[in-house]
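The values are calculated or read from the model by the stated rules, or taken from the named source; none is laboratory data. It should be emphasised that the depicted structure is a prediction, and the values quoted were computed from it without experimental measurement. Please note: Cβ atoms are built from the backbone with ideal geometry, for glycine as well, and neighbour counts cover all protein chains shown.
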Amino acid sequence: MKDRDSHALARMAGIYAVLCRNSIVREMNFKVNFLLWLVVEVLWFALQLIFISVIYEHTERIATWSKYEVILLVGASHFIQQIFSALFLNNCVNLSELVRTGKLDFLLLLPVNTRFIISLKQLDPGAFINAGTAVAVMVYALHRLGTVPGALQIAGFLLLCGAGVMIHYSLMFLLSTISFWTVRAQGIVWGYYNLFNLARLPDAAFRPGVFKVVFTYALPMLLVANVPTKVLADKLGSPWEIALLLLMTAACYAASALVWRVSVQRYTSASS
């Protein structure tokens with residue numbers, strides 16, 4: 001059994017390596033577009049940081065968060081968003097086109113897990129470069145805070161960032177499966193993508209109420225970047241916050257897996 005599992009993992013890793021290579025070759029065929037998109041992303045990130053700086057011209061703290069703690073949060077949120085974009089964004093958006101055009105039929109016939117292929121078919125290498133700018137901003141913010149995180153904190157931060165990426169992926173993939181019923185679902189998917197802006201806001205800035213409950217337990221945007229940032233900045237109030245983020249990650253993935261199975265069972269191909 002172990003040999004079989006090892007062989008399956010090695011096979012999937014080999015397939016993914018080919019997919020990554022094809023994605024990089026495709027991007028390099030359009031170098032100008034690649035470079036322009038990098039510039040756009042850097043400018044957008046810079047505008048977010050300028051916005052934070054303007055706010056802190058008029059106040060010293062937002063709830064319990066100082067200026068450079070919020071900059072650290074914005075950097076962490078951008079890092080998580082860019083890793084998600086690199087691995088999953090284009091694939092989730094393209095699912096409705098696969099359903100509409102019938103190209104999903106071909107993928108269902110491949111001797112490999114269909115969700116694996118759909119989720120990881122395209123890689124966006126530029127997003128990894130943009131993630132690097134987020135890392136630079138986080139290092140600068142930590143320096144201004146006078147904080148030097150230990151190896152355990154950095155490892156915990158990366159693990160929780162991975163959980164945040166999986167939350168974004170699970171929820172966006174779940175929304176993409178609506179295309180099995182509506183054919184087109186890009187509007188809904190991009191609508192969720194706009195909610196990423198909430199992840200850049202300190203959770204302590206929101207009063208207890210319906211909004212905070214929804215975006216903590218239903219669409220956990222307030223957990224995705226806040227919890228990893230608190231670990232990195234030694235600002236964590238309770239280990240329960242880590243447990244909640246991991247619990248919501250598992251719940252979101254389970255929900256997306258269930259909806260995916262139901263969607264595939266009702267799929268009758270574009271030609272039916």
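Cβ separations smaller than 8 Å between residues 6+ apart or across chains give the following pairs from segment 212-234 residues that are in a helix (DSSP H, G or I) and surrounded by fewer than 17 Cβ atoms within 10 Å (Cβ to Cβ) to residues that are modelled with pLDDT of 90 or more and hydrophobic (A, V, I, L, M, F, W, C): Lys212/Leu222; Tyr217/Met248. Could you tell me whether segment 153-165 includes any residue that is within 21 Å of Asn226 (Cβ to Cβ), in a helix (DSSP H, G or I) and touching a Cys at 6+ places or on another chain (Cβ under 8 Å)? No, every residue in segment 153-165 fails to be within 21 Å of Asn226 (Cβ to Cβ), in a helix (DSSP H, G or I) and touching a Cys at 6+ places or on another chain (Cβ under 8 Å).
If you go through segment 7-33 and keep only what is of a type outside the set (A, V, I, L, M, F, W, C) and part of a helix (DSSP H, G or I), you end up with His7, Arg11, Gly14, Tyr16, Arg21, Asn22, Ser23, Arg26, Glu27, Lys31, Asn33. Under the condition of being surrounded by fewer than 17 Cβ atoms within 10 Å (Cβ to Cβ) and either in a helix (DSSP H, G or I) or in contact (Cβ under 8 Å) with a residue 40 or more places away in the chain (or both), the residues counted in segment 122-152 number 14.
If we scan segment 103-113, do we find a residue that is assigned to a loop (DSSP other than H, G, I, E, B) and either surrounded by 19 or more Cβ atoms within 10 Å (Cβ to Cβ) or modelled with pLDDT of 90 or more (or both)? No, segment 103-113 has no match at all. Looking across Phe157, Phe180, one residue alone is touching a residue at least 24 places away in the same chain (Cβ under 8 Å) and closer than 22 Å to Gly102 by Cβ. It is Phe180. Taken together, Leu89, Leu38, Leu47 contain a single residue that is of a type in the set (A, V, I, L, M), touching a residue at least 40 places away in the same chain (Cβ under 8 Å) and within 27 Å of Arg144 (Cα to Cα), which is Leu38.
Residues that are in contact with a Lys or Arg (Cβ under 7 Å, 6 or more places away or on another chain) and either closer than 16 Å to Ile129 by Cα or touching a residue at least 24 places away in the same chain (Cβ under 8 Å) (or both) within segment 50-68 comprise just one, Tyr68.
Note on segment 41-54: among residues that are surrounded by fewer than 12 Cβ atoms within 10 Å (Cβ to Cβ) and of a type in the set (Val, Ile, Thr), the one that is farthest from Arg200 (Cα to Cα) is Val54. Filtering segment 179-211 to residues that are over 20 Å from the mean Cα position of the chain (by Cα), in a helix (DSSP H, G or I) and of a type in the set (Val, Ile, Thr) leaves Thr182, Val210.
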